[in-house]
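Structure first, commentary second.
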Amino acid sequence: MPPDVIRGREWHGRGVSLFAWTNEPDDSRQPPLISEHDGRIVGLNGHLADPADVTRLPDDSVGGCFSAWIARDGELTASTAINRVCPVFYAETPELHVVGSRALLVHLAARPDDRVEHDVLALQTMVRQGFFLSDETPYKGVSALRPSSRLVVRDGVRAITETPLPEAAPTPTSARRKRAAIGELADALLATVAPLRELDEPVNLALTGGRDTRILTALLHAARVPFRVTTNGLDTHPDVIIARRIAARLGVEHTVIAPPQTAAKDAVLVEHPLSRAWETLRTCEGMTSAYESIVSYLPYSGKPTMSGQSGETLRAGSLNLLQTDLSDKALLRRIDNTFRKDEKLFTAEANEHARELARPWRARPNQLEALDHIYIWYKVGRWQASARAGALRRGDPVRPFLDNRVVRAALSLDQGWRLSEEVIYALILRFAPKLRDVPIEGKPWRFAEGMTRPFWRRRLPEHMPTAKTGGGWSWRTSPGPALTDVLREQVLGSLDALAPIVHPDQVRALFADPVVQKPALAWHLYTVSTLLTGLHPGKPPEGLAEIMVSRPDPAR
């Protein structure tokens, strides 16, 4: 972001210095960037549900989305919340312990020169998945602190302690016990939005016809938080139809934003991949693929916004939601496919590294729990933590599903029970009974499948299948020959840099066709290739022409 929008604070004590920067225009958000409490200097990355809880940090029970930094003479503590979506990175040299929220800054501060040294083997997971499935980073000697962990440096000696993620209790056996268990999660959700009642303007919620935003609509309604909802789409789309019904039931303002109605196009002009990669590397520090669309910079806005991002936490995680077969064999296969995807492409060293990363997860006795926790550790704690850096340049949206207490309460509930969607259905009815019979978009509620009792069938809302609009073409997933040529030239031109983790012949085979058949993998390779060949840090590329990408099926 532009230097003139950044302000900073710093504190210096015996053997310890704490530096903080922000693009927020003032200290209206509490607590401030750095504050003093009982002789401790506290820095906060993110926000607390209750600003008064700053005096309790570090504490696993505090609500909010944050990492905490506490300094005093001779001592520094840094801690992560349960999903580490506000990350902590650390490195050690013979003279210094460096701890920070930006991995590249930690790396450069720890080096004796300004040269960037990459951990090439660690990048094998970036090529496979487009994010990190480990606590590694792209930078030699820099690691990410694990979830619910504390790093303490006292008189030059570092110690790290970790609190395990909660062990889920068995599914309650009675309706009363189910209500009590869900009540704890409901209370945690209500606590995340209670401060929003004091805001000067209503919260804007992006509402669809699906599950996760419906919970938030019901939550804001129950908490008596003023809000309005916005839906993108045509009047005939299920998202719009259902969102309109939800808004009418709850009596809230609803705005529909229709997509631009233009003549059908057979091709689009897109920015050069090198410009896209540079912006992604700059924002996400080599921990998110340029395949992803990262939110670009806009001046910071304090307007309260909300979306259903990471709602899968309440449903046992996205990896479990991909499963139809819940046998141990099938779940182990999902773990293997997550860590060891596209094994033929990779070197023996890279594959062995991936197997070592997967080993502790495969050894877990409860595979549903393993996949649930993998989602929290990596899909949220590494992918989302990195990607959301783009959004934070514009503001800090309210994310109830990322709240420390909410995640802790959700993980305490049986994975199979959450996966059945009975928990989130009960939450919706608890917060807003008026929504009982409003249809759901997509597939039916999971717990309703196979039900034969007519009484229950009558009480459940219908579902509205996802509309097939024919507008699903994307230049990222159908790159065409011109864009493929650009990706191919960069990747094949830097095979020496990639050779420690991928087989050159396999990479050439990937790009053998005029249009690459695995676009996401090609983008991941492209991102890692540009990182290793020094695209960033450095000045943005200039003078690059846009690329014409033709639709593969213009007759549609």
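Can you compute the charge dipole magnitude of the range 220-308 about its Cα centre, using +1 on each Lys and Arg Cβ and -1 on each Asp and Glu Cβ, nothing else charged? Give it in debye, rounded to the nearest 20.
480
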Relative contact order in percent for the chain (Cα pairs under 8 Å, 6+ apart) equals 18
Rank 143, 517, 533 by how far each Cα sits towards the positive end of the charge dipole of the chain (+1 on Lys, Arg Cβ; -1 on Asp, Glu Cβ) and give me just the farthest. 517
Taking the range 382-450, which GluC sites (Glu not before Pro) meet the DSSP loop condition and have no more than 14 other C-beta atoms within 10 Å? 449
Put +1 on the Cβ of every Lys and Arg and -1 on every Asp and Glu Cβ in the chain; which of 6, 67, 398 then has its Cα farthest towards the positive end of the dipole? 398
Given the Cα-Cα distance of residue 518 and residue 28 and 0.36 nm per residue of separation, how much length would full extension add, in nm? 171.7 nm
In nm, to one decimal, how far is the modelled label at residue 56 from the one at residue 5, with both set 7 Å along Cα→Cβ? 3.3
Trypsin sites (Lys or Arg not before Pro) within the range 55-149, DSSP loop, no more than 10 other Cβ atoms inside 10 Å: 115
Rounded FRET efficiency, nearest 0.05, which uses the C-beta distance separating residue 75 from residue 359 and R0 of 60 Å: 0.95
By how many nm would the segment from residue 505 to residue 258 lengthen if fully extended, with 0.36 nm per residue of separation less the alpha-carbon distance? 84.3 nm
Estimated FRET transfer efficiency (residue 228, residue 194; beta-carbon r; R0 22 Å; 0.05): 0.75
Which whole-Hz ³J(HN,Hα) couplings does the range 59-64 yield from phi under the Karplus relation 6.51 cos²θ - 1.76 cosθ + 1.60, θ = phi - 60°, glycine and proline marked x? 8, 5, 8, 6, x, x
So for the chain, taking the charge dipole from beta-carbon charges (+1 Lys/Arg, -1 Asp/Glu), which of 427, 479, 193 sits furthest toward the positive end? 427
Test of the criteria: in the range 177-258, which GluC sites (Glu not before Pro) are in a DSSP loop and have at most 16 other Cβ atoms within 10 angstrom of their Cβ? 253
Where the only charges are on Cβ atoms (+1 Lys, Arg; -1 Asp, Glu), what is the dipole of the chain about its Cα centre, to the nearest 20 debye? 2120
For the chain, the percent of accessible surface on carbon and sulfur atoms (probe 1.4 angstrom, ligands and nucleic acids excluded) is 52
Describe numerically, in nm with one decimal, the distance between label points set 7 Å from Cα along Cα→Cβ at residue 19 and at residue 36. 2.2
Charge dipole magnitude, Cβ of K and R +1, D and E -1 - the range 100-249, Cα centre, debye nearest 20: 700
Rounded to whole Hz, the Karplus (6.51, -1.76, 1.60) HN-Hα couplings of the range 269-286, x for glycine and proline: 9, 10, 5, 4, x, 5, 5, 5, 5, 4, 5, 5, 5, 5, 7, 9, 6, x
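I need the calculated FRET efficiency for the pair residue 545 and residue 268, taking r as the beta carbon distance and R₀ as 22 Å, to the nearest 0.05.
With R0 = 22 Å, the Cβ-Cβ based efficiency is 0.95.
The values are calculated or read from the model by the stated rules, or taken from the named source; none is laboratory data. Because the structure is predicted, anything quoted here is derived from the model rather than measured. Because the Cβ atoms are built from the backbone with ideal geometry, glycine has one as well, and the counts that use them run over all protein chains shown. Areas reflect the complete protein model, heavy atoms only, side chains present, ligands, DNA and RNA absent. Shrake-Rupley method; radii C 1.70, N 1.55, O 1.52, S 1.80 Å.
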